[in-house]
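One structure below.
No value in this document is a laboratory result; all are computed from the given coordinates. Bear in mind the structure is a predicted one, so any value in this text is a computation, not a measurement. Counting neighbours? That spans all protein chains shown, and the Cβs are built from the backbone with ideal geometry, glycine included.
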Ligand SMILES: Nc1ncnc2c1ncn2[C@@H]1O[C@H](COP(=O)(O)OP(=O)(O)OP(=O)(O)O)[C@@H](O)[C@H]1O
Ligand SMILES: [Mg+2]
């Protein structure tokens with residue numbers, strides 16, 4: 001066996017079928033060289049998979065100790081990375097689809113043209129696996145590169161910020177008002193750059209699942225009040241109101257306080273940024289088995305067709321164009337990731353020219369522990 005030999009595990013208990021497949025594979029050396037191991041039952045398959053690496057598994061669904069879709073599930077559970085090609089005598093489209101949904105790579109029916117079909121299916125499955133591996137490696141390299149560059153940029157930025165702060169506040173000697181204006185502008189931009197870099201790092205960590213969450217029983221109203229305290233001066237500066245309508249009887253739920261404050265800050269910050277008159281209201285309430293927090297503004301609003309784009313990365317919409325330069329367009333993508341890590345959901349409703357409501361739902365019951373909900377998790381119409 002050389003390094004190009006394709007190692008196949010053939011799982012079948014029918015001697016005639018085993019011989020046929022072996023014959024096809026040994027006869028096909030103009031395409032590739034195959035080495036075939038055989039298992040006649042699920043238990044034998046499990047043993048062989050525990051001790052050997054295979055490039056592909058050819059699987060008959062009817063074995064003495066397992067049958068049907070359960071066979072695919074069991075094999076895929078132990079060997080999720082190896083392509084599983086179901087090889088069956090039964091031309092059953094439903095079963096084929098079910099097999100694919102449960103992790104099989106392909107479903108082929110034994111028939112007169114089996115030889116060519118089988119070889120092609122194996123080679124294609126291997127090519128797809130190789131392509132997927134290369135994409136994964138490229139994504140990992142990109143992630144590492146982004147994390148490394150953002151991380152390295154933070155230290156010099158801190159030094160620049162502190163240096164400017166010392167000069168601006170007069171600790172390093174008198175400066176004239178014009179110099180102070182220029183340095184204050186520089187300071188604001190360094191702060192903005194630091195925020196952008198932190199956003200990129202956060203997003204990167206969330207994407208690759210490296211963000212740690214400190215889940216504790218917490219009171220959502222307390223987190224909202226904290227954000228209100230921080231953001232109220234910014235609202236007032238623009239002549240906007242910023243009010244709270246909190247349900248005092250909400251139960252405590254498990255969440256990471258800092259992360260939820262980060263989400264609320266981004267929503268409040270957006271609401272203030274994209275509102276010129278009127279104000280912002282944050283509401284908390286209980287909705288069935290969830291806590292609902294809404295941030296409602298009377299700002300520029302969002303065109304209906306743009307609402308689905310809101311939570312995508314680097315998405316900044318034209319209706320808010322004057323304010324775009326102030327952010328990266330990562331805030332809502334980060335917020336969505338954080339809320340989903342809490343098994344929650346974040347949504348937006350908006351009318352152009354009237355205002356927007358961004359709201360998130362956090363589950364109250366035990367299911368919050370199962371990460372990343374499926375979309376039918378909530379029992380009510382979340383769009384209401
Ligand atoms: N309350 C809102 N009213 C109108 N448009 C909004 C509102 N919130 C978000 N948007 C639109 O969604 C875009 C994405 O928001 P997001 O918070 O992700 O990014 P950002 O605020 O531009 O930058 P960042 O939050 O990364 O500093 C915004 O640029 C704006 O176009
Ligand atoms: Mg934002």
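Only helices enter this figure: runs of n ≥ 4 DSSP H residues, each worth -39500 (n - 2.57), summed and divided by the residues of the chain, yield -15500 deg cm²/dmol at 222 nm to the nearest 500.
Helix 331-341 and the long axis of the chain differ in direction by around 50°, with both axes built from C-alpha atoms.
Return the distance in nm (one decimal) between the two label points of a simple spin-label model at residue 303 and residue 178, each offset 7 Å from Cα along Cα→Cβ. Roughly 4.5 nm, to one decimal. Please give the Cα centre distance for segment 146-214 versus segment 27-57, rounded to the nearest Å. Between the Cα centres of segment 146-214 and segment 27-57 lies a distance of 56 Å.
Using a cutoff of 8 angstrom between alpha carbon atoms and counting only pairs six or more residues apart, the relative contact order for the chain works out to 9 percent. When the chain is treated as a GNM with alpha-carbon contacts under 10 Å, the residue of 147, 335, 74 showing the greatest mean-square fluctuation is 74. Note on residue 92/residue 354: beta-carbon distance plugged into 1/(1 + (r/R0)^6) with R0 of 51 Å gives a FRET efficiency of 0.40. For residue 78 and residue 208, the difference between the fully extended length at 0.36 nm per residue and the C-alpha to C-alpha distance is 44.5 nm.
In terms of its Cα atoms, segment 30-146 spans 50, 32, 30 Å along the principal axes, sorted from long to short.
What is the list of residues in segment 91-118 whose amide nitrogen lies under 20 Å from a point 7 angstrom out from the Cα of residue 62, following Cα to Cβ? In segment 91-118, the label zone of residue 62 (backbone N under 20 Å from the point 7 Å along Cα→Cβ) covers 91-100, 107-114. The long axis of helix 257-273 is offset from the longest Cα principal axis of the chain by roughly 60 degrees.
The mean sequence separation of alpha-carbon pairs under 8 Å and at least six residues apart, normalised by the residue count of segment 216-369, gives a relative contact order of 23 percent.
Specify the angular offset, from 0 to 90 degrees and rounded to the nearest 10, of the alpha carbon long axis of helix 15-26 from the longest principal axis of the alpha carbons in the chain. Its long axis makes an angle of about 70 degrees.
Taking 7 Å steps out from each Cα toward its Cβ at residue 222 and residue 289 produces label points 2.6 nm apart. Three principal axis extents describe the C-alpha atoms of the chain; from largest down they are 91, 51, 38 Å. Stretching residue 185 away from residue 47 to a fully extended chain increases their span by 43.0 nm, per 0.36 nm per residue minus the current alpha-carbon distance.
Separation of segment 94-120 and segment 249-299, taken as the distance between their Cα centroids, equals 50 angstrom.
Note on segment 212-284: Kirkwood hydrodynamic radius from all Cα pairs is 12.8 Å, rounded to one decimal. Multiplying the residue separation of residue 29 and residue 152 by 0.36 nm and removing their Cα-Cα distance gives an extension gain of 39.1 nm.
Residues of segment 4-31 with an amide N closer than 16 Å to a point placed 7 Å from the Cα of residue 37 along the Cα-to-Cβ direction: 5-12.
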